[in-house]
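Colleague: I'd like to ask some things about the structure below.
The values are calculated or read from the model by the stated rules, or taken from the named source; none is laboratory data. Since this is a predicted model, take the numbers as computed values, not measurements. Reconstructed Cβ throughout: ideal geometry from the backbone, glycine too, with neighbour counts over all protein chains shown.
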């Protein structure tokens with residue numbers, strides 16, 4: 001079974017706070033993911049997004065504006081509740097609003113991947129391929145959140161199984 005965390009940057013004014021609408025929007029974005037990824041408005045992490053979050057949890061961020069800025073890139077955001085008529089098989093959805101997107105971008109731009117890997121990496125995989133996989137995720141997330149923050153966009157997140 002494959003599971004993905006799908007992230008999509010979008011203008012906050014275009015988002016409806018309605019699970020059914022947002023699930024349809026994200027499903028269409030998932031269908032177009034290769035093109036949206038190439039355009040820099042989407043990203044995704046397959047299977048290891050919990051471990052990427054664990055990597056970021058090792059960050060020491062003194063004086064941060066939020067209690068846990070490391071949590072923003074993966075699990076940050078406001079959950080979008082299912083309505084009474086929603087299908088419970090629809091994906092879990094979250095919206096990370098523009099100020100938090102900016103905080104996530106700032107965190108990712110300043111955190112040292114090498115330092116995080118030194119602290120947490122041995123528990124995630126000691127082979128060079130594992131380090132490279134996590135470095136690739138970090139660089140993708142840093143670039144994605146940086147573009148979203150520069151555009152003043154929110155980030156919608158869906159978990160696809």
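Each row is one residue, and each column tells you yes or no for (1) at pLDDT below 95; (2) within 18 Å of residue 139 (Cα to Cα).
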{"position": "12", "(1), (2)": "no, no"}
{"position": "21", "(1), (2)": "yes, no"}
{"position": "26", "(1), (2)": "no, no"}
{"position": "29", "(1), (2)": "no, no"}
{"position": "32", "(1), (2)": "no, no"}
{"position": "44", "(1), (2)": "no, yes"}
{"position": "71", "(1), (2)": "yes, yes"}
{"position": "81", "(1), (2)": "yes, no"}
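Colleague: Scan segment 146-157 and tell me whether some residue there is within 15 Å of residue 45 (Cα to Cα) and not in a strand (DSSP E or B).
Modeller: Checked segment 146-157: no residue is within 15 Å of residue 45 (Cα to Cα) and not in a strand (DSSP E or B).
Colleague: Could I ask something else about it? Determine which single condition residue 122 fails, assuming it passes every other condition in (1) modelled with pLDDT under 90; (2) under 21 Å from residue 18 (Cα atoms); (3) part of a helix (DSSP H, G or I).
Modeller: Result: residue 122 passes all but (2).
Colleague: Against the conditions (1) in contact (Cβ under 8 Å) with a residue 40 or more places away in the chain; (2) surrounded by 12 or more Cβ atoms within 10 Å (Cβ to Cβ), where does residue 161 fall short? Just the number, please.
Modeller: (2)
Colleague: Let me ask something else. Kindly indicate the residue of segment 29-58 that is without any contact (Cβ under 8 Å) to a residue 40 or more places away in the chain and under 12 Å from the mean Cα position of the chain (by Cα) and also surrounded by the fewest Cβ atoms within 10 Å (Cβ to Cβ) among those meeting that condition.
Modeller: Only one residue tops the list, namely 50.
Colleague: Just to be sure before I move on: is residue 130 at pLDDT below 90 and more than 18 Å from residue 41 (Cβ to Cβ) in the structure I sent?
Modeller: Judged against the criteria, residue 130 is not a match.
Colleague: So, restricting to helices (runs of 4 or more DSSP H) that lie completely within segment 1-65, which ones have at least 3 residues that are in contact with a strand residue (DSSP E or B) (Cβ under 7 Å, 6 or more places away or on another chain)?
Modeller: By residue number, 19-31, 33-39.
Colleague: Can you tell me how many residues within segment 99-123 are buried (at least 17 other Cβ atoms within 10 Å of the Cβ) and over 12 Å from the mean Cα position of the chain (by Cα)?
Modeller: Number of matching residues: 10.
Colleague: Consider only pairs whose beta carbons are under 6 Å apart and that are at least six residues apart or on different chains; among these, list those whose first residue lies in segment 59-88 and is farther than 14 Å from residue 159 by Cβ and whose second residue is modelled with pLDDT under 90 and assigned to a loop (DSSP other than H, G, I, E, B).
Modeller: Note: pairs meeting the criteria are 69/61; 70/59.
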